Amino acid sequence: MEHLIWQRLDELGIVAGTYEYVQGKRVRKTRPATGFELACKWKRNYGKYQVKEAWFILTDLGSLPAAINAYKQRMGIEEMFRHCKKGGYDLELEFRLSTN
C-alpha cells in the first residue's frame, strides 16, 4: 500500500488576495474522491472590509475562472431566493398551490 500524505485546506497557504487551482490530487473528508479539482480563492481586503475566509470549491469545470464564475452565479441565485423568502412574497405557498 502506498504511503499517502494528506494536506489540510488551512495548510495550503491561501491568504487574503490570493487564489490557487489544485489539479491531480485526491480530495477527502471521510472517503477519498477523485475526478475533481480544487479551486481556492480568498478575496482581498478593502479598507475596513475584511474577508474572513476563503472559498474552497470542488469542481470539474477545468479552470479557476470557470469555477469562480459558476460559484458567483450560484451564490447570486441563492441570495435572490433568500431575499424573496424574507420579503413576504410567500414563494413556498405559491409553489405548493401551483403543484397540487
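Every number in this text was worked out from the coordinates using simple rules, so none of it is lab data. Fair warning: this is a prediction, and the values are worked out from it, not measured in the lab. Counting neighbours? That spans all protein chains shown, and the Cβs are built from the backbone with ideal geometry, glycine included.
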Going residue by residue through the range 14-29, the Karplus relation 6.51 cos²θ - 1.76 cosθ + 1.60 with θ = phi - 60° gives ³J(HN,Hα) values, rounded to whole Hz and with x marking Gly or Pro, of 6, 10, 3, x, 10, 8, 7, 10, 9, 10, x, 10, 8, 10, 8, 10
Have a look at the range 5-91 and give its Rg and Dmax from the Cα atoms, expressed in angstrom. 15.9, 51
Under 18 Å from a point placed 7 Å out from the Cα of Glu11 along the Cα-to-Cβ direction: which residues of the range 59-85 have their backbone N that close? none
